[in-house]
Amino acid sequence: MENMSRLTLALILFLVLFVMIFICDYIIIRRSYQSKSKSKKKKKQEIMELDYLIKKFNLKKDKLPIKKILLCIALINAFIMALVMVVILVLKAHIILKLLLGFVLLMALIYAIYELYGRYLERNYKNGN
């Protein structure tokens, strides 16, 4: 019974964190992209995730649905951060082990999910489809 309540609390915590992180991240990403596109004289604020996907998978920026990609980037970031935070909070272990596991999990999820998303973009938008 106690495990079920911990699982329920962890799921609720994940959903709350996911929504909060998604909203904040999406607002930051959209502002960053809009300020970049509006003024050419200002120092360019690059969206690192978008640049990584374009360079690694040889995508053409003008053929990509940028608004949709920015939304997906915000969703991916929110999912990764919320999942790592919940895993660390739920885990009953020493703080050093939690930090180590959190770092490894964070790096693994970033690499894996962005690799999958990049392959999806490459398959669907490489030729301008």
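So for the chain, averaging the separation of alpha carbon pairs under 8 Å that are six or more residues apart and normalising by length, what relative contact order in percent results?
Contact order relative to length: 32 percent.
Set the bar at 24 Å for Cα to Cα. Now go through Lys55/Lys126; Lys68/Lys98; Lys67/Lys126; Lys56/Lys126 and name every pair that lies beyond it.
As for pairs spanning more than 24 Å Cα to Cα, those are Lys68/Lys98.
How large a share of the accessible area of the stretch 1-111, in percent, is made up of carbon and sulfur atoms when the probe is 1.4 Å and the other protein chains stay in place?
Its accessible area is 73 percent carbon and sulfur atoms.
Only helical DSSP H runs with n ≥ 4 go in: add -39500 (n - 2.57) per run for the chain, normalise by residue count and round the 222 nm mean residue ellipticity to 500 deg cm²/dmol.
Taking each H run of at least 4 residues, the total per residue is -28000 deg cm²/dmol.
Just the accessible area per residue of the stretch 66-129, please: how many Å² with a 1.4 Å probe? Provide the component values of the computation, followed by the final result.
Working: 3910 Å² over 64 residues.
Ligands and nucleic acids excluded, the result is 61 Å² per residue.
Would you list which aspartates and glutamates come within 19 Å of Lys61, measuring only between C-alpha atoms, while excluding same-chain residues fewer than 8 positions from it?
Glu46, Glu49, Asp51, Glu115, Glu122
If a helix is a whole DSSP H run, which ones in the chain reach 24 Å or further along their own axis (Cα) and hold a mean Kyte-Doolittle hydropathy of at least -1.0?
2-38, 66-90, 95-125
The values are calculated or read from the model by the stated rules, or taken from the named source; none is laboratory data. Predicted model only: the values in this text are computed from it and were never measured. Surface areas here come from the heavy atoms of the whole protein model, side chains and all, with no ligands, DNA or RNA. Shrake-Rupley method; radii C 1.70, N 1.55, O 1.52, S 1.80 Å.
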